[in-house]
Amino acid sequence: MSAGSAEVQVRQGVEADLATLTDIYNHYVRETPITFDTAVFTPEERRPWLLSHLVDGRHRLIVATTEDSQRILGYATSSAFRAKAAYDTSVEVSVYLAPDTGGRGVGTLLYKALFEALAGEDVHRAYAGIAQPNEPSTRLHERFGFRHVGTYREVGRKFGRYWDVAWYEKDL
């Protein structure tokens, strides 16, 4: 697979990826309103998150690396949408990229692989919450057939201000 000028490989995430995946996520915790977490994590604190994503089933972790696998460029996940059993066939999806990786097609490669992996699973809908404004994420989701279903106004407070979250859904 190719993203921009660099070759990219996409694979299942593994435990050895945990430290780098935590570093990528912590960038968004510290620097952006993209996630509403406000305190950074240690890899050990993120271990339950990693272990909740299986090799098969509804909850996946897909990782993009450089062709030589020396660097993780980002990851995509499908996770439980809500804890109640009736929600089991719905997943929440997200993509997080290394800070210098955006705009090179890596997010597209990750979502393509994630949705291919979910194609054979008992999943009815995928949902994505996008803190606003975030045009790159909105474009990515719309490219994959997500449609806007509503916006929670000023639902999260981070960096001394309130942020909206636009919700998108996709039939699977």
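The values are calculated or read from the model by the stated rules, or taken from the named source; none is laboratory data. Keep in mind the model is a prediction, meaning the values are calculated, not measured. Counting neighbours? That spans all protein chains shown, and the Cβs are built from the backbone with ideal geometry, glycine included. All accessible areas refer to the heavy atoms of the entire protein, side chains included, with ligands and DNA or RNA removed. Shrake-Rupley method; radii C 1.70, N 1.55, O 1.52, S 1.80 Å.
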Hits in region 107-134 - residues which are open to solvent by 40 Å² or more (accessible area, probe 1.4 Å) and part of a loop (DSSP other than H, G, I, E, B): Ala119, Gly120, Glu121, Asp122, His124, Pro133
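I'd like the full set of residues that are crowded, with 16+ Cβ neighbours inside 10 Å and touching a Leu at 6+ places or on another chain (Cβ under 8 Å), limited to region 44-57. Give the derivation first.
Just the residues of region 44-57 that are crowded, with 16+ Cβ neighbours inside 10 Å, to begin with: 46, 49-50, 53.
Once the filter is applied, which keeps residues that are crowded, with 16+ Cβ neighbours inside 10 Å and touching a Leu at 6+ places or on another chain (Cβ under 8 Å), region 44-57 yields Arg46, Leu50, His53.
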Of all residues in region 58-80 being open to solvent by less than 70 Å² (accessible area, probe 1.4 Å) and polar (S, T, N, Q), the one that is farthest from Lys158 (Cα to Cα): Ser69
Odd one out for Gln9, checked against (1) touching a helix residue (DSSP H, G or I) at 6+ places or on another chain (Cβ under 6 Å); (2) outside any loop (DSSP other than H, G, I, E, B); (3) open to solvent by 70 Å² or more (accessible area, probe 1.4 Å): (1)
Whichever residue in region 31-57 is part of a loop (DSSP other than H, G, I, E, B) and farther than 22 Å from Gly156 by Cβ and, among such residues, is farthest from the chain's Cα centre (by Cα): Thr42
Residue match in region 146-157 (condition: at pLDDT 95 or above, closer than 24 Å to Leu21 by Cβ and aromatic (Phe, Trp, Tyr)): yes
Any hit, region 93-102, residues being open to solvent by 80 Å² or more (accessible area, probe 1.4 Å), closer than 24 Å to Ile24 by Cα and of a type outside the set (Phe, Trp, Tyr): yes
Subset tally (residues that are part of a loop (DSSP other than H, G, I, E, B) and touching a strand residue (DSSP E or B) at 6+ places or on another chain (Cβ under 7 Å)) for region 58-103: 9
His27, sole failed condition from (1) in a helix (DSSP H, G or I); (2) without any contact (Cβ under 8 Å) to a residue 60 or more places away in the chain; (3) open to solvent by less than 80 Å² (accessible area, probe 1.4 Å): (2)
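Rundown of residues vs (1) open to solvent by 40 Å² or more (accessible area, probe 1.4 Å); (2) in a strand (DSSP E or B); (3) hydroxyl-bearing (Ser, Thr, Tyr), yes/no style:
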position	(1), (2), (3)
Pro136	yes, no, no
Gly145	yes, no, no
Arg153	yes, yes, no
Arg157	yes, yes, no
Tyr162	yes, yes, yes
Ala166	no, yes, no
